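Just below is one structure, and these are the notes that go with it.
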Amino acid sequence: MSNEQKPAATAENTLADIVSHAKEYGFVFPSSEIYDGLAAVYDYGPNGVELKNNLKQLWWKAMTQLNQNVVGIDAAIFMHPLTWKASGHIDGFSDPMIDNLDSKKRYRADVLLEDKAAEYEKNGEIARAETLLAEMGRLLTAEDLAGVKQLIIDEKIICPVSKTGNWTDVRQFNLMFSTQIGAVADDSSKIYLRPETAQGIFVNFLNVQKSARQKVPFGIAQIGKAFRNEIVARQFIFRMREFEQMEMQFFVRPGTEGEWYDKWKATRRRWHEVMGLPAEKLRFHDHEKLAHYAKAAVDIEYEFPFGFKEIEGIHSRSDFDLTQHQTLSRKKQNYFDNDINPETGKPYGNYVPYVVETSVGADRLFLATLCQAFQEETITEGEGEEQKTKTRKLLRLHPAVAPVKAAIFPLVKKDGLPEKANEIYNSLRFDFRVVVEEKDSIGTRYTRQDLIGTPFCIAVDHQTLEDNTVTVRHRDSREQTRMPIAELRGYIGEAVSLNRIFEQL
């Protein structure tokens with residue numbers, strides 16, 4: 001989904017630059033800020049909610065509209081507590097936690113080791129980084145928490161605050177939030193805020209299969225909120241306690257899961273590239289530690305200003321989830337496959353399907369998109385002796401995801417120009433999100449729209465009143481095109497069309 005021309009940024013943007021820009025221009029605010037905020041919880045502002053909704057719509061349509069065998073669902077956040085017993089979250093959904101005794105700061109032990117490996121990798125010590133991650137994976141798989149602590153000590157990892165290695169033992173920390181349902185708060189009324197959206201899909205497997213008349217292989221997609229009591233929530237909206245997931249569970253015939261895993265792995269990476277994340281800033285990272293039920297797992301990582309981090313996971317989950325729910329609920333989750341097995345000449349018959357999962361963090365995708373789009377470039381303005389250079393900041397968002405598609409500027413606030421601008425607004429507002437801006441000089445208005453990623457600015461001048469033409473200014477090139485008002489809808493519509501994106505998938 002990248003534009004044809006993208007001048008290189010003049011400097012690397014830091015996370016602090018992104019956070020500051022996101023707040024100033026209405027993308028992301030700290031939650032409850034007037035009360036000094038709530039750690040790791042954020043609100044999406046007027047431009048942020050538009051951008052996030054556009055990204056979600058693109059994911060949803062790519063999944064359900066482009067695939068005849070993928071349908072949607074919207075499951076409740078609250079679920080019967082036995083759901084989380086069956087899935088293993090009550091007994092085993094935890095992260096390894098460690099405290100520094102001097103600073104009193106708490107850390108995830110695996111993140112400390114991953115950051116150390118990233119440091120080795122940055123210094124060109126690739127083999128050393130891989131060895132460290134492999135050893136960490138081995139220890140975590142064996143649940144050898146004492147070994148994890150010793151590895152931290154051996155690697156001479158210190159607390160960034162106290163600068164000491166005075167660590168506590170590593171222990172497990174359950175990440176689920178609990179609450180009570182009903183009028184009496186006792187153990188029997190205890191329920192959980194869902195830590196993932198996948199289980200809502202699994203418990204509805206047969207409901208969806210039958211009502212949507214689907215046959216294996218088919219998928220169920222969902223976008224929804226999830227909640228995790230993270231030990232250390234950090235890096236802006238990358239790791240939050242309340243977040244949004246875009247997941248698809250793809251149900252397959254046992255024995256075919258490897259083929260479908262490879263297919264979705266390639267498909268999902270291609271989607272991110274088409275969405276405008278450069279191939280050189282994406283990579284696959286195979287999991288060192290696999291869940292006991294998993295056959296394979298890989299992350300698609302994007303290079304944020306703070307390093308390569310996961311934005312999507314693809315997992316081959318076997319039949320674990322459906323089998324667990326079948327066992328605990330005592331409700332059969334079998335599917336009868338009428339297709340003929342060429343080896344036996346008979347139908348495949350009854351089985352519990354295997355699952356291949358794709359799971360994208362909507363907030364992480366939002367952050368990656370923002371990081372990629374936020375650019376600085378050196379431009380030249382004026383001619384001759386008046387010529388000068390300056391640095392321009394902008395959000396180089398694709399028109400399809402930009403919060404505002406076009407801004408309409410009456411050149412002056414008189415002579416009927418504001419009225420004409422509003423007339424143009426009314427002719428476009430049913431098709432696109434457009435705004436009218438009258439305040440400040442037109443140059444200042446262009447700059448403000450560049451900073452929120454608006455692809456087109458439409459200038460209404462006195463000539464407009466004579467011949468119904470306007471000047472359209474392009475965000476990326478700053479070129480200006482004169483065109484009839486009657487052509488605006490088709491011109492903007494072509495630029496923001498999802499067809500141009502989907503054709504690349």
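No value in this document is a laboratory result; all are computed from the given coordinates. From a predicted model like this one, the values you see are computed outputs, not experimental measurements. Backbone-built Cβ (ideal geometry, glycine too); neighbour counts: all protein chains shown.
In the chain, the longest principal axis of the Cα atoms and the axis of helix 442-452 are about 10 degrees apart. Among the listed pairs Lys190/Lys332; Lys215/Lys332; Lys105/Lys156; Lys104/Lys149; Lys56/Lys225, those whose Cα-Cα separation exceeds 19 Å are Lys190/Lys332.
A protection proxy built from the mean count of other Cβ atoms within 10 Å ranks the segments 294-304, 280-290, most packed first, as 294-304, 280-290. In region 281-426, taking the dipole from charged Cβ atoms about the Cα centre, the farthest positive-side position among Ile314, Ala406, Thr391 is held by Ile314. Potential lengthening of the chain between Thr267 and Leu175 amounts to 30.0 nm, from the contour at 0.36 nm per residue minus the alpha-carbon distance.
Each peptide in 469-481, 365-377, 346-358 gets a packing score, the mean of other Cβ atoms within 10 Å over its residues, and the list from highest to lowest is 365-377, 346-358, 469-481. Of the peptides 491-497, 217-223, 424-430, the ranking by mean beta-carbon count within 10 Å, highest at the top, reads 217-223, 491-497, 424-430.
Of the residues Thr168, Val49, Cys371, the one whose Cα sits farthest towards the positive end of the charge dipole of the chain is Val49 (charges of +1 on Lys and Arg Cβ, -1 on Asp and Glu Cβ, taken about the Cα centre). Charge dipole of region 404-502 (Cα centre as origin; +1 on each Lys and Arg Cβ, -1 on each Asp and Glu Cβ, all else neutral): 340 debye, rounded to the nearest 20. Measuring between their Cα centroids, region 106-170 and region 336-406 lie 32 Å from each other. Let me make sure I get this right: for region 273-356, a, b and c are the square roots of the gyration tensor eigenvalues over alpha carbons, sorted descending. Under 1.5 in a/c it's rounded, otherwise prolate if a/b > b/c, else oblate. Which is it? Prolate, because a/c is 1.5 or more and a/b exceeds b/c. Cα axis of helix 126-141 to longest principal axis of the chain: angle in degrees, 0 to 90, nearest 10? In the chain, helix 126-141 runs at an angle near 50 degrees to the longest axis. Relative to the dominant Cα principal axis of the chain, helix 109-122 is inclined by about 60°. Note on region 325-448: with charges restricted to the Cβ of Lys and Arg (+1) and Asp and Glu (-1), its dipole about the Cα centre is near 580 debye. Scaling against 2.2 N^0.38 Å puts the C-alpha radius of gyration of the chain at 1.12. Placing a label point 7 Å from the Cα of Glu343 along the Cα-to-Cβ direction, the residues of region 238-273 whose backbone N falls under 11 Å of that point are 255-256.
For the chain, give the magnitude of the charge dipole about the Cα centre (Cβ charges: +1 Lys/Arg, -1 Asp/Glu; no others), in debye to the nearest 20.
Numbers: 65 positive and 74 negative charges, 237 e Å.
In debye, rounded to 20, the chain gives about 1140.
Positive end of the dipole of the chain, charges at C-beta (+1 Lys, Arg; -1 Asp, Glu), about the Cα centre: which of Thr481, Leu82, Ala495 has its Cα farthest in that direction? The Cα lying farthest towards the positive end belongs to Leu82. Which shape class applies to region 94-174: rounded if a/c is under 1.5, otherwise prolate when a/b exceeds b/c and oblate if not, where a ≥ b ≥ c are the square roots of the Cα gyration tensor eigenvalues? Because a/c hits 1.5 or more and a/b fails to exceed b/c, region 94-174 counts as oblate.
With 0.36 nm allotted per residue and the present C-alpha distance subtracted, the Val49-Thr14 stretch has 10.3 nm of extension available. How much of the DSSP bridge set in region 404-502 is antiparallel, in percent, rounded to the nearest 5? Approximately 55 percent, going by the DSSP bridge assignments.
Dividing the summed helix terms, -39500 (n - 2.57) for each DSSP H run of n ≥ 4, by the number of residues in the chain produces a 222 nm estimate of -10000 deg cm²/dmol to the nearest 500.
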